Each structure stands twice: as C-alpha cells, then as structure tokens.
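Following: one structure in structure tokens, then a few remarks.
The values are calculated or read from the model by the stated rules, or taken from the named source; none is laboratory data. A quick note: this is a predicted structure, and the numbers were derived from the prediction, not measured. Cβ placement follows ideal geometry from the backbone for every residue including glycine, while neighbour counts extend to all protein chains displayed. Heavy atoms of the whole protein, side chains included, go into the accessibility calculation; ligands, DNA and RNA do not. Shrake-Rupley method; radii C 1.70, N 1.55, O 1.52, S 1.80 Å.
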Amino acid sequence: MNKYRDYDNYLKEYPTEDGYFGKYGGNYLEDPELIKAFQEYADGYNTIAQSAQFINELRRIRKDFQGRPTPVYHCQNLSNLLGRTQIYLKREDLNHTGAHKLNHCMGEGLLAKYMGKKKLIAETGAGQHGVALATAAAYFGMECDIYMGEVDIAKQAPNVTRMKVLGANVIPVSFGLKTLKEAVDAAFMAYSREYKDAIYCIGTAAGPHPFPLMVRDFQYCIGAEAREQFREMTGHMPDQVAACVGGGSNAIGMFTPWLADPVELVGVEPLGRGPKLGDHAASITYGAEGVMHGFNSTMLADENGDPAPVYSNASGLDYPSVGPEHALLHDMGRIRYTTCCDEDAIEALFLLSRHEGIIPAIESSHALAYAIREARTGKTGSILVNLSGRGDKDLDYVVERYGDGPEFLAMMEERRKNG
C-alpha cells in the first residue's frame, strides 16, 4: 500500500469550513470587533478568490510584476565541495522584493482591492513581509502601516529604509521584547480600530482563520513550480525537500504540492543559542499545544502558560508559535521537523555566498544548513531547499557580529575537526 495516497485528498479535507487542521487552527479571538472583521475577511476570500477574474488578475501580476516562475538552481560547486549529495535551490530570492513574501502580499492586496479597502496593515520581523506589503500597497494605490519591534528595526535597517521609500508608515513597537510577537500584538490592536477601511495582512501561515488557508493558497505556487521544474531538470523527484520554519509560510507553500509524492519533507526550526527556553524559537520541537494570537497550535510557553520569550539571529523566525497546518502535519508524521543553531546558519550563508555567488537570508540559511549537514554525511541523493529570501538585509548585522567570512569559516572547520 502506498502511504502517500493518504494525502491525495488532503487539500480538500484541510482546513475544515471553520478553519481547523485537525485540532489546530480555528478562530479564538475574543474582541467582538475583531471577530466581525475576520468573518468579513473569510467571507470575502471564500467568495472573491474563486472568481475567474480574481484568479486571472493574480496570475498576470505574478508573471508580469513579480517575475514568476522563479527558477530551480543546481549548486554544483557547493555539492562537489561537500560530498556526493546534490543540493538544489528554489530561488525565491529572485522573486520581486527578494523573498517569497510578495506571493501572499499581492494576493492579499488584490483581495483588499476587491473588498473596497483603502489601507493595508501588517507586522514584520525581518522586514521582508513589510517590504512586500509596502510594495503591494504602492501597486494597488493604498495606504500602508507596518508595525515592527524596535529590536528588529535596529537589526534590519536596510528593509526599514525600503519600506519608507515605498511609502509605508513604519511604526516602532516598544513594549515587551520589542520583536515579532509584540509587532503582531500591535498590528492586531490597530486592525480592530480600522477594519472598516483596512485589511490586515499577516506575514505567515498562522493567525486566526482564514489566514492559514489564504497564505497556503497564495504560497502554493512555490512548491508547484519547483515540483515541475525539478522533474524537468533531472527526470526524477528529489530525495528530500527542505525549508525553514518560523511561522511557516515559505515552508507550507513549498511542502503542500509534494504531500502525495514519495519525497521526505523536512522543516528546519531555529535552535538559536541552544535548547534552553528563551534561547531558541523551535516551537514544534520544544513546544506544546496552546492558543495565541487567536489560533490554536504548538506554542512555546512559560511557567504561566503564556507565550515564552524566544530568540533567533533570524528576525523572521523568532516567533513563539507555528502555523496550525505545520502542527497537524507534524502529528501526522508527514513532515519531519529538525533544528539548526545560529552558527550553522551563518556558516551556510558564507558557504553559499563564496561557492555559488548567492547571498541567502539568515532565515533561508537555516534550511540550507540542514542540507549541508546531510551532505557531509557522505550520503548520495538530492535535496531541494527553498531559498526563501536573499541576504542583503542581513549583511550589516552578519559582518558586525560574525565578520566577513574567512575567520568564521576557519573556526567552524576547526570545531568540526575537534568534535
């Protein structure tokens, strides 16, 4: 019996009409205004997104404005350096604005246009979602408010500048840890006040229904393209498909088209400085079931059951929960989740930069580090990595903290030799 046939009808079964992926997902909002706003959002998406006019306009935008499809690339130099495993990249860094985020931002912006909204509201961590939404707002002629933690503003200065140049209002968030969770909190509060004229565009495959469904649908193009491209390039399927997982948007878009195929799917979470609570953001690996930001999923919690402090050197991954569909697919055993620490991700960034001429985002480097780790075992086969974004935004931070490459790579090589 082919176990992958169990997933032939998966997309029709999940989520349910009320937004559940098994026991995960749903809508746990308590604010009456937000409940009303999200119901309008769900009704609008379920109606408008099925129309041929909406679908055709989004296809045109992807082709003519975003530059899709993005290519699959064989890392021949890096593969030869490491061993016999062949590493391939789905080049989402070549998507307009430099990351996968524009896939759902243009979809959400188009939905806002059809719903008659005048403003786009969002949070951002690494800034890629903020840049993408600011781009969508400029394209559709809308106002744009982006909430961003002060810690991330300091780390991601180039993207802050890009958002402002594109016309967005970047609103600093100064409470709590001043990172992604607090930015989501602030954006939710703003949306509850402005939902009649605005639409909230979450940056990942999390949040209350219908966000996980919408983001999966808009990001599905990543894996659908990659699946066709890889088979055309090689004549077969990859052995593994890997993607980094914070909230999970790039990963869910990459993974879902492969669910019914005999391919191992691997989500790579940020281990940060180590397994101690507060030193990482590996929600599936170390978390438990919990509700935050209006949805039920796997969450990192403190002793009081509240969302725990999290950390990653990748601003786009430091979130204490994960999209509900990832929680379900973990429970079902279809996706294997593992971790990558800060330093391994930085090593991957430098190796790809120096041997392939591609500078990846730190977020994407977590998935690439997994592929490098696998290649060093001497196994044969192939790994397709979703290179979800480019690393321009990270360079000032990387050079200030880790140098420009040679000394750091030498240190990592010496550490490996000494076990």
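Mind checking the stretch 291-376 for trypsin sites (Lys or Arg not before Pro) that DSSP puts in a loop (not H, G, I, E or B) and that have at most 13 other Cβ atoms within 10 Å?
Within the stretch 291-376, the qualifying trypsin sites (Lys or Arg not before Pro) (loop, at most 13 other Cβ atoms within 10 Å) are R376.
Whenever you get a sec, compute what percent of the accessible area on the stretch 11-91 sits on carbon and sulfur atoms (1.4 Å probe).
Here carbon and sulfur together make up 48 percent of the probe-accessible area.
Past 19 Å, Cα to Cα, is the threshold; run K117/K196; K101/K164; K118/K393 against it and keep the listed order.
From K117/K196; K101/K164; K118/K393, over 19 Å: K118/K393.
Taking chymotrypsin sites (Phe, Trp or Tyr not before Pro) that fall in a DSSP loop and have at most 15 other Cβ atoms within 10 Å as cut points, what is the longest piece of the chain between them?
176-419
Would you list which lysines come within 23 Å of K3, measuring only between C-alpha atoms, while excluding same-chain residues fewer than 8 positions from it?
Within the straight-line cut-off, K3 pairs with K12, K23.
Nearest 5 percent is fine: what portion of the DSSP beta bridges confined to the stretch 214-341 is antiparallel?
Rounded to the nearest five, the antiparallel share is 35 percent.
Name the shape class, rounded, prolate or oblate, that the alpha-carbon gyration tensor gives for the stretch 1-53, where a ≥ b ≥ c are the square roots of its eigenvalues, rounded holds for a/c under 1.5, and otherwise prolate holds if a/b is larger than b/c and oblate otherwise.
Oblate shape, in that a/c is at least 1.5 and b/c is the bigger or equal ratio.
Where in the chain is the longest stretch that carries no GluC sites (Glu not before Pro) classed as loop by DSSP and with at most 14 other Cβ atoms within 10 Å?
The segment 31-302 is the longest one with no such site.
Given labels modelled 7 Å from the Cα in the Cβ direction, how far is it in nm from T16 to M233?
Simple spin-label model gives 4.0 nm for this pair.
Could you pull out every one of the aspartates and glutamates with an alpha carbon less than 18 Å from that of K155, ignoring same-chain neighbours closer than 8 positions?
K155 reaches E123, E182, D279, D318, D342, E343, E363, D392, D394, D396, E400, D404.
Would you look at the GNM of the chain, springs on alpha carbons closer than 10 Å, and say which of A260, A327, A371 moves the most?
A260
When a/c is below 1.5 the answer is rounded, else prolate if a/b is larger than b/c, else oblate, so apply that to the stretch 107-250 with a ≥ b ≥ c taken from the square roots of the Cα gyration tensor eigenvalues.
It is prolate, given that a/c is not under 1.5 and a/b is the larger ratio.
In whole angstrom, how far apart do the alpha carbon centroids of the stretch 73-105 and the stretch 274-300 sit?
That distance is 28 Å.
Once the mean 1/r over all distinct Cα pairs of the stretch 1-156 is inverted, what Kirkwood radius in angstroms do you read off?
18.7 Å
Mind giving me the nanometre distance, one decimal, between the label points for R59 and K164, set 7 Å out from Cα along Cα→Cβ?
About 4.1 nm separates the two model spin labels.
Enter the Cα centre distance for the pair the stretch 313-367 and the stretch 196-210, rounded to the nearest angstrom.
Cα centroid to Cα centroid, the span is 23 Å.
Sum up the charges of everything whose Cβ sits under 13 Å from the Cβ of G22, counting Lys and Arg as +1 and Asp and Glu as -1, but leave G22 out.
Combined, the nearby Lys, Arg, Asp and Glu give -3.
With a cut-off of at most 16 other beta carbons within 10 Å, and DSSP calling the residue loop, which trypsin sites (Lys or Arg not before Pro) in the stretch 52-139 qualify? Please list them.
R84, K118
Over the chain, what is the relative contact order in whole percent, taking alpha-carbon pairs under 8 Å and six or more residues apart?
Over the chain, the number comes to 20 percent.
Which helices of the chain meet both criteria: a Cα extent of 15 Å or more along the helical axis and a mean Kyte-Doolittle score no lower than 0.0, with helices taken as whole DSSP H segments?
128-140, 362-375
Hey, which lysines would be in cross-link range of K417, C-alpha to C-alpha under 30 Å, not counting anything within fewer than 8 residues on its own chain?
K276, K379
Label points 7 Å out from Cα along the Cβ direction at A138 and E264: separation in nm?
The two pseudo-label positions are separated by 4.3 nm.
Can you pull out the trypsin sites (Lys or Arg not before Pro) in the stretch 223-304 that DSSP calls coil and that have at most 12 other Cβ atoms within 10 Å?
Here the trypsin sites (Lys or Arg not before Pro) that fit, given the DSSP loop and packing criteria, are K276.
Which of the three applies to the chain, rounded, prolate or oblate, going by the alpha-carbon gyration tensor with a ≥ b ≥ c and a/c under 1.5 meaning rounded?
Rounded is the answer for the chain, as its axis ratio a/c remains below 1.5.
Among bridges DSSP assigns within the chain, what percent are antiparallel (round to 5)?
Antiparallel bridges make up about 30 percent of those DSSP assigns within the chain.
Given only helices, namely DSSP H runs of n ≥ 4 each adding -39500 (n - 2.57), what is the per-residue ellipticity at 222 nm of the chain, to the nearest 500 deg cm²/dmol?
One gets -13500 deg cm²/dmol as the mean residue ellipticity at 222 nm.
Please find, in a Gaussian network model of the chain (springs between Cα atoms separated by less than 10 Å), the residue of A226, A138, A126 whose mean-square fluctuation is greatest.
A138
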